[in-house]
1. Being within 30 Å of A:Leu154 (Cα to Cα) and open to solvent by less than 20 Å² (accessible area, probe 1.4 Å): is that true of B:His56 here?
2. Could you check A:Arg245 against (1) within 25 Å of B:Thr25 (Cα to Cα); (2) crowded, with 16+ Cβ neighbours inside 10 Å; (3) basic (Lys, Arg) and say which number it fails?
3. In segment A:60-78, is there at least one residue being closer than 25 Å to A:Leu107 by Cα and touching a residue at least 60 places away in the same chain (Cβ under 8 Å)?
4. Residues B:Ala342, B:Ala322: which one is open to solvent by less than 40 Å² (accessible area, probe 1.4 Å), modelled with pLDDT under 95 and away from chain C (no Cβ under 12 Å)?
5. Would segment C:290-307 turn up any residue that is hydroxyl-bearing (Ser, Thr, Tyr) and more than 14 Å from every other protein chain (Cβ to nearest Cβ)?
6. Testing B:Ile90 on (1) of a type in the set (A, V, I, L, M); (2) surrounded by fewer than 18 Cβ atoms within 10 Å (Cβ to Cβ); (3) not in a loop (DSSP other than H, G, I, E, B), one condition comes back false. Which one is that?
7. What's the number of the condition A:Asp75 fails, among (1) out of contact with any Lys or Arg (no Cβ under 8 Å at 6 or more places or on another chain); (2) within 14 Å of chain C (Cβ to nearest Cβ); (3) acidic (Asp, Glu)?
8. Kindly indicate whether any position in segment B:113-133 is assigned by TED's automatic domain parsing to the domain that holds B:Arg282, among the charged types (D, E, K, R) and in contact with an Asp or Glu (Cβ under 8 Å, 6 or more places away or on another chain).
Amino acid sequence: MAFLRNTWYVGAWACEITRELTPRTLLGEPVLFYRKENGEATAIGNRCPHRFAPLHLGKLVGDVVECGYHGLKFDCTGSCVENPHGDHKIPSAARVKAYPLVEQHGLVWIWMGKPELANPADIPDYSHLVDPRLKTIGDLMLQQAHYELVVDNLMDLTHVNYLHAPYQKNDDFLAAKHEVVQQGRMLDSLRSIPSTTAPPSFVPFLDDPAAPVDYWLNIRWHAPGACQLEVGVVPVGRPRAEGIRRQGTHIVTPETDTTTHYFYASSRNYLLDDPKADLETRNWQQVGFHEQDKPMLEAVQKMMGTTDLDSLKPVLLASDVAAVRVRRMMKELIKAETEPQAQPIFVLNK
Amino acid sequence: MAFLRNTWYVGAWACEITRELTPRTLLGEPVLFYRKENGEATAIGNRCPHRFAPLHLGKLVGDVVECGYHGLKFDCTGSCVENPHGDHKIPSAARVKAYPLVEQHGLVWIWMGKPELANPADIPDYSHLVDPRLKTIGDLMLQQAHYELVVDNLMDLTHVNYLHAPYQKNDDFLAAKHEVVQQGRMLDSLRSIPSTTAPPSFVPFLDDPAAPVDYWLNIRWHAPGACQLEVGVVPVGRPRAEGIRRQGTHIVTPETDTTTHYFYASSRNYLLDDPKADLETRNWQQVGFHEQDKPMLEAVQKMMGTTDLDSLKPVLLASDVAAVRVRRMMKELIKAETEPQAQPIFVLNK
Amino acid sequence: MAFLRNTWYVGAWACEITRELTPRTLLGEPVLFYRKENGEATAIGNRCPHRFAPLHLGKLVGDVVECGYHGLKFDCTGSCVENPHGDHKIPSAARVKAYPLVEQHGLVWIWMGKPELANPADIPDYSHLVDPRLKTIGDLMLQQAHYELVVDNLMDLTHVNYLHAPYQKNDDFLAAKHEVVQQGRMLDSLRSIPSTTAPPSFVPFLDDPAAPVDYWLNIRWHAPGACQLEVGVVPVGRPRAEGIRRQGTHIVTPETDTTTHYFYASSRNYLLDDPKADLETRNWQQVGFHEQDKPMLEAVQKMMGTTDLDSLKPVLLASDVAAVRVRRMMKELIKAETEPQAQPIFVLNK
């Protein structure tokens, strides 16, 4: 499992982390999340170094986790703080990993690499998730597919015209102007479709559904798996600020080599207090992500029979440009991490 | 998976192939079946060469299959005929396999090897399936066992006296005269039991169930997995043409190295329009094939823990003669295909 | 799978072996148990050497097993005694293994190694199981964990204070005097806790539950997987013979490298005819073994991702002393068996 390690991943939605011991596998590692008495979220290794019991089968006593098998206690730094056996000395190897953690904008970001390299300033901005001018609906799911397949799916949005046709088809979409812009570990994929028919998912929210609109889709990827998707329509020629708009959150974190946590949300700037609009969002997430994307990605993973896409020599199309760029950037970042001599050199908008 | 490739396999019953996109794995390969607008059955590879989506998740437009993920279109020659992206140029690698296909006597035969070697004249004759003087009842099933185990089961019919005793036991069966005759890629296993008790499955259809009969079982195997079984009884001394007779169709096609498609049918020359006789046939197929053969073969496969029978050094009995000959012939045929220098030399009736 | 072979394992409870053909995998080998017409339990290999059918799918005729596939017959020495095919000669390789078997004290002990080394005198004494002064309640289960993890669980009883706290917690337990005594292939782990509170599971059976008791737990392991646990309480200062006591039977036999048969029973010396005390025992076995031990051990096995504990460098605690000694003894015994030059030298109580 060659994952990028010195980077921030989303480990959980903030609301998932409570006083319950919550296990989650990330990048193949067993992680234990919980919230301290002062409300702070924390994450340590979930495997007791004594007899390898999962610590989430134990109990939380104050801020300390007691192993449910033989009673070793660990604090949130991963140190063993109590050995109830024999002379009570604590063996120096009795410790679990502690993960740098930042709770921000409703997300819990976790650093899976060298703790000393963790810089919270590198966490991408997802403040739209808590913007009071937007209404956000989200959830998470597990996909039986390598995380890069889920990222590919997001970075080639032409799939909406086929896989999500009933909700999203737009006849001018494939011919739209498409710009791909790289900035450091970030990639923007920008599409504008002036004077077109509104895609079906916007129709219920337009005064005149038949009137042509300017339509845009911008997706911004931050390595390794955080995507923000802005989709909007506005009456032809009007500024985008006047349009109705959805800010999509699509963040993927590898669980294992063949499974992926997918955190998703949609933040809209219209009908903030309308339960029908909430329901519309939930329906779309259910159909689009659970009933269309998930079966397709899992079928692709099975058809591939490997997690190494290149080994299968995929035929590349114009629509693959952003997805291919992302894969290349990831390859360079992982190479730079494992072979520190070989620093990647990113050139803007190359 | 060392399968014979330059040969005809049954891919489906003809009635299974419709305007629905129908996926089936054959010899480990994902195949997509459908019927063209002119009614012709066709089969192409089921894995899109772009992002490896299974094409059966797409849709059939005229005679063309549109991938459900990003919209590439393939015709029944396997060629990509439309790329909706970018400049619409079709990359030369954008193609899937097309399989020679022959629909004949209710079966769809598919050629898994080099297309230029496919000769429909080599397809074995299964015209009894559509003979109006016979009534045919059939179906298909999947067995969790290597296809050679299913062929072994057919080529050593002594198992009917044990596994299928309630339906088929005959006290003179094991001592019956048994001839094994090879002709090219074909093997006949012939048994005659003069003046014996009718086996239970014939009893309901005899005027005098207690009267002795001449009983015969002939099974003809065509490489790699097509078997025809003729079973009949006739009053002692009368010509076989006067007997009541069942023409069995037992065709196996590897799905994967450990799973097998099993196409079966029974064509009888008596009570053609009798629903009770139909029901009797279905009952026998349900009990004999699904409840007796299938659990036994799957248990054998598990017990073996390998698909290489020889590596387990089986004890061979007189009753194995036809099954062993078939395995040897298959080994030679596969060797001849993979090492073209080493052509098998078949001598008639050797 | 490096299992000790020249040793007695429990293959079944005696009451499990009847005139039904009963298959069970032991040390990865398919074994067939049945009872002869004279009542004697017997065990032979469960895989027919002809076509590898599981013999338990056949039938028992007298003391002979007839294969359900092609009718070879085997007696309880593993010899083929009938070949119904061809000239009826019996190939010399047509035989299955026969296992030395001893039915004793309600258990069926089986020898998985060289038959000539099997000595019934080496079977550990489990006569308490049939002692009329005790009432015994038991059963068996399958654990998805390597058998050594189940033995570890038994040999480090400090886990009862955590995993089984509601039934077994005792505040003086961890500080109790603990002696570990080795005798040959046997290890005793002895704990005495004078003048303490009775553990919850004894409380319902005490005249004065609040009165302090002398409490003891002794577990005796016989290689490779037979443990006897004596647990008792007695009014402070009184001889143990006056106490109430439970003789626990905890015997593990590997099924495969990652699964384990676990035979358990509890024999109490009080309320012999009291159905409520029976129910109490069953409840404890259900909760303690099925709902607490089993999920924990299976989770540990998953967390380990290997059956080689040492490779994970476990942190060892004082409480591990007996479990570690057992693992070391097993390693030496297996080494002595596979490298006969290297005899283990056991020193008493070292």
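The values are calculated or read from the model by the stated rules, or taken from the named source; none is laboratory data. None of the values given here were measured: they were computed from a predicted structure. Don't worry about glycine lacking a Cβ; one is built from the backbone with ideal geometry, like all the others, and counts go over all protein chains shown. The accessibility values were calculated without ligands, DNA or RNA, using every heavy atom of the protein model including side chains. Shrake-Rupley method; radii C 1.70, N 1.55, O 1.52, S 1.80 Å.
1. On the way: within 30 Å of A:Leu154 (Cα to Cα): yes; open to solvent by less than 20 Å² (accessible area, probe 1.4 Å): no.
Answer is no for this residue.
2. Exception for A:Arg245: condition (1).
3. The answer is no; no qualifying residue exists.
4. On the way: B:Ala322 fails: modelled with pLDDT under 95.
The match here is B:Ala342.
5. So far as segment C:290-307 goes, no, none of its residues is hydroxyl-bearing (Ser, Thr, Tyr) and more than 14 Å from every other protein chain (Cβ to nearest Cβ).
6. (3)
7. (2)
8. no
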